[in-house]
2 protein chains.
Amino acid sequence: MNAPTALTHLVPEVHQRAVPQALLDALKARFGAQCSTALAVREQHGRDESSFEAPPPAAVVFAQSTQDVADAVKLAGPYSVPVIPFGVGSSLEGHLLAVQGGISIDVSRMNKVLAIHAEDLTVTVQPGVTRKQLNEEIKSTGLFFPIDPGADASIGGMAATRASGTNAVRYGTMRENVLALEVVTASGEVIRTGTRAKKSSAGYDLTRLMVGSEGTLGVITEVTLRLYPLPEAVSAAICSFPSIEAAVRTTIQVIQLGVPIARVELIDVNTVRMVNAYAKLGLREEPLLLMEFHGSPAGVKEQAETVQDIASEFGGNAFEWATTPEERTRLWTARHNAYFAAIQSRPGCRAISTDTCVPISRLADCLLDSVAEADASGIPYFLVGHVGDGNFHFGYLLDPNDPKEREVAEALNHKLVSRALALEGTCTGEHGVGLHKMDFLVTETGAGAVDLMRTIKRALDPQNIMNPGKIFSL
Amino acid sequence: MNAPTALTHLVPEVHQRAVPQALLDALKARFGAQCSTALAVREQHGRDESSFEAPPPAAVVFAQSTQDVADAVKLAGPYSVPVIPFGVGSSLEGHLLAVQGGISIDVSRMNKVLAIHAEDLTVTVQPGVTRKQLNEEIKSTGLFFPIDPGADASIGGMAATRASGTNAVRYGTMRENVLALEVVTASGEVIRTGTRAKKSSAGYDLTRLMVGSEGTLGVITEVTLRLYPLPEAVSAAICSFPSIEAAVRTTIQVIQLGVPIARVELIDVNTVRMVNAYAKLGLREEPLLLMEFHGSPAGVKEQAETVQDIASEFGGNAFEWATTPEERTRLWTARHNAYFAAIQSRPGCRAISTDTCVPISRLADCLLDSVAEADASGIPYFLVGHVGDGNFHFGYLLDPNDPKEREVAEALNHKLVSRALALEGTCTGEHGVGLHKMDFLVTETGAGAVDLMRTIKRALDPQNIMNPGKIFSL
């Protein structure tokens, strides 16, 4: 997937700032082997899961501490050289690309769980800890961290993009689950936002200003998160439906009734086939909802019965249950691998992923028309959705050697986003703006709000060195 | 309570900016009878429920529309005259005081519920709608809005102070429940933040930057809120305990177990007596927890049983149940009136209210030592707490003619806040910083973070006209 191809988006020409040798020398002097200018290393840090391409950064600093990050920023500042934080590289929106040149600050070695406060349901981690690592390390506490984007992303990256995933319908997103941060600002100063208190009215909510700022206001060097007790009972169910519409209408009713469902994921029939092939599953080849219920044994039973009643009204088949942890893991792994399953279904293809999110009552309107358009286009696609949140992803699977396909896909995406915005939704539920959605952001929020964002950015980062060229142009 | 007394805090001398006659003339010309310079009106708008006093604003504009607010701000701007939004005047921290002079923008006439989207569990309201009015107007939808500070506050004011209340332990605070805002900025421009989508990664989280900004970054003119289905079953219970410690330890265990309790309020024995006298209740004169359970009938039963088991381990008495809506309303009204009950218990007194919030495991440490100190001081006090969130309020009841009492109370508060901060908590869980906690904010969050707040403030409000002198000095 990584070799540049004809399909690759070239980032519109922007000023590639000079990275003077003096800075590289200073970085080498300060960081020694922790600083690399090897082409392979730079190239690996100059791309992500998006289809954008830009020249790689001039150097990569492998930070091992907050002080490392602060020093790298302080060294880059006087030269107005951009610094771009890097976690595991799983961004889908070009966040990691050095579109204006600069240096990459890789925080993957900052991967310690610093403090588990099981009794308070909080944990403090370094930004390079991944979500799976975190859950592995806190296993013995009986707690878990629910936010699960498809990739095994870093917690720092997840905070920076305001990520969510399949559990958000019940547990919220990074917005609700980050309690406090340590951040290196553009001046290289280390600040703390928030405390471990569950709520606070102490001044501006800097935590939530930083969450979702995509590295443009600071580098996140520590994250305090909320945890949740592992539910006493968990059950997962699959229910297939005669149509996507039936699955969607079931979801809408479940949410409107206030059922505290933990996960409700739509998988369309294309994607069911891809997942079956990739993960060797035997899912019935119909649109389906993958669901999970958390609670007490009685509560889980009650939720499942309610949902089953609703589903059968819409022609859903009887639930198939995944009751053992192993079966559940297999199911959810398959869901998380849908992206890779889809890529593999069309060898050599690249995917353009959409990320609209609409109020739940608008979900059918938004989704069904977009399915009809995608079907009519003839372009293969996958469709998965965190439908309980009104969020879904089309992945258009494109032949990289056919520029017309990209054009068609971009046109589909454009129609979809326009529809979502008209339905009072957002162009991005969880992936972030990055390079791909800057125009959509203006349409969505209005020029005034984006100007206000710019004003904040200019005030906090006067030299525009923090991951410049993302979210909005300056 | 409103006549200045010997006890009144005089706001430290600050520059009272001139309000030129030309501005008053322009306001009169634009707003006619909607603009008042009558002393009584100005005085009413120049104070709140805090014990601070400052000269009243020079004029009050009764805004009836967003355009009114924008025009008032635009008129004041060129003169660098402060504008201070006013809802119902229930702030406890001096937010409404014209400490640098200026004009008050009263939004209480902007009190329309603009759009109920029951199918999406959202509602959009003008800022002057109060929380009780909102719940009254959405009654027929089967939904409710859970955030309930003691006062019947305005939704705009609640957003501005990031308010919460008794239901926050289950439903979150204004931070989690405001989806989108319309805001008039310092330049008089109208911007929108957020959409009705449940989640979004679209750029900086301006919604949460504005929530809790205490009017210092803009005037909130529209608020979109999350609503919740009225639970199928509700039951409220009172449980009294041999000691505060027993009540607190019960709470800690309930939270740590992840019981989704909807409300768990501590009332100390002083306050029980006050509430009994005020509301003519016959509550047993012991420390007690007032609890509420929301869910399905079976779920509520299950929660209650779990909590009852825990309570009895700590010597709690059998639950007394309030099962009818009327009984429950009576109970919660009594809780909400605790402040007024306390004030009445010492005729002529004034209260200084504390607002610390700590991680749940630190609650006993924070609370019990502070109770001992308050008892030793001899000053009458009430003590109520949203203990499920680690948040509680002492109200020291002071003789306004005895400056020594205030000194003692401030010393108690200082000790309490220092203790809470050392325990990784916050100086304010839900009341805001206002005038009273500026120094505490610096201690809590560090000079660097407060400087970052100042930088944002200066960038968004270069003339410092939006409710200046609150949260931090500039």
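Every read-out reported here was derived from the displayed coordinates using simple, explicitly stated rules and does not represent laboratory data. Here the structure is a predicted model, which is why all the values come from computation and not from measurement. Ideal geometry is used to build each Cβ from the backbone, glycine not excepted, and the neighbour counts take in all protein chains shown.
The helix-based estimate of mean residue ellipticity at 222 nm for chain A, built from -39,500 (n - 2.57) per DSSP H run of four or more residues and divided by its residue count, is -11000 deg cm²/dmol to the nearest 500. The alpha carbons of the protein assembly as shown give a radius of gyration and a Dmax of 27.8, 85 Å, in that order.
Sorting A:105-112, A:152-159, A:121-128, B:412-419 by average packing, meaning the other beta carbons within 10 Å per residue, from highest down gives A:152-159, A:121-128, A:105-112, B:412-419. Here B:Pro242 yields copy-to-copy label distances, from shortest upward, of 6.5 nm, the label point defined as 7 Å from Cα along Cα to C-beta. Computed from label points 7 Å out along Cα-Cβ, the spacing between B:Glu119 and B:Asn135 is 2.8 nm. Across chain B, the volume of the C-alpha convex hull divided among the residues equals 140 Å³ per residue. When only the Cβ of Lys, Arg, Asp and Glu is charged (+1, +1, -1, -1), the dipole of chain A relative to its Cα centre reaches about 1080 debye. Size descriptors for the range A:9-106: radius of gyration and Dmax over Cα atoms are 12.6, 36 Å. Given the convex hull of the Cα atoms of the range B:77-169, what is a quarter of its surface area in nm²? About 7.2 nm², averaged over all directions.
Shown for A:Ala18: label points 7 Å from Cα along the beta-carbon vector, and their distances to the equivalent points in the other copies, 5.1 nm in ascending order.
Distances from B:Gly315 to itself in the other copies, using label points 7 Å out along the Cα-Cβ axis, amount to 6.5 nm in increasing order.
Annotation: lysines with alpha-carbon distance below 29 angstrom to B:Lys132 (same-chain offsets under eight excluded): A:Lys198, A:Lys199, B:Lys112, B:Lys198, B:Lys199, B:Lys280, B:Lys301, B:Lys437, B:Lys470. The protection proxy used here, the mean number of other Cβ atoms lying within 10 Å of each residue, ranks peptides B:46-54, B:16-24 as follows, highest first: B:46-54, B:16-24. Measuring nothing but how far apart in sequence close Cα pairs (under 8 Å, 6+ apart) lie, relative to its length, chain A scores a relative contact order of 16 percent.
Taking every residue in B:178-190 and counting other chain Cβ atoms within 10 Å of its Cβ, the average works out to 2. Decide, for the range B:205-334, between rounded, prolate and oblate: order the square roots of the alpha carbon gyration tensor eigenvalues as a ≥ b ≥ c, take rounded if a/c falls under 1.5, and otherwise choose prolate if a/b is larger than b/c, else oblate. Judged from the Cα gyration tensor, the range B:205-334 comes out prolate (a/c at least 1.5, a/b above b/c).
Residues within the reach of a label modelled at A:Glu313 (point 7 angstrom out along Cα to beta-carbon, backbone nitrogen below 20 Å), restricted to the range A:244-283, are A:244-266. Compared with the dominant principal axis of the Cα atoms in chain A, helix A:66-76 is inclined by about 60°. Once C-alpha pairs closer than 8 Å and six or more residues apart are averaged by separation and normalised to the residue number of the range B:9-106, the relative contact order reads 38 percent. Inter-chain Cβ neighbour count for A:438-447, averaged per residue, equals 3 (cutoff 10 Å, partner chain atoms only).
Rounded to the nearest 10 degrees, the angle from helix B:363-377 to the longest Cα principal axis of chain B is 80 degrees. Taking every alpha-carbon pair under 8 Å whose residues sit at least 6 apart, the range A:399-474 reaches a relative contact order of 27 percent. Partner shielding of B:209-216 amounts to 4, given as the average count of beta-carbon atoms from other chains within 10 Å of each residue beta-carbon. Projecting the alpha carbon convex hull of the range A:113-229 along each direction and taking the average yields 6.8 nm². The shape of the range B:336-398 can be summarised by an equivalent ellipsoid whose semi-axes, obtained from the alpha carbon gyration tensor, come to 22, 14, 7 Å from longest to shortest.
Take B:363-376, A:263-276 and order them by the average number of nearby Cβ atoms within 10 Å per residue, most first; the result is A:263-276, B:363-376.
Listed by chain and number, the aspartates and glutamates whose alpha-carbon sits under 13 Å from that of B:Lys74, ignoring those within fewer than 8 places in the same chain, are B:Glu189, B:Asp461.
Computed over all pairs of different Cα atoms, the Kirkwood value for the hydrodynamic radius of the range B:233-422 is 16.9 Å.
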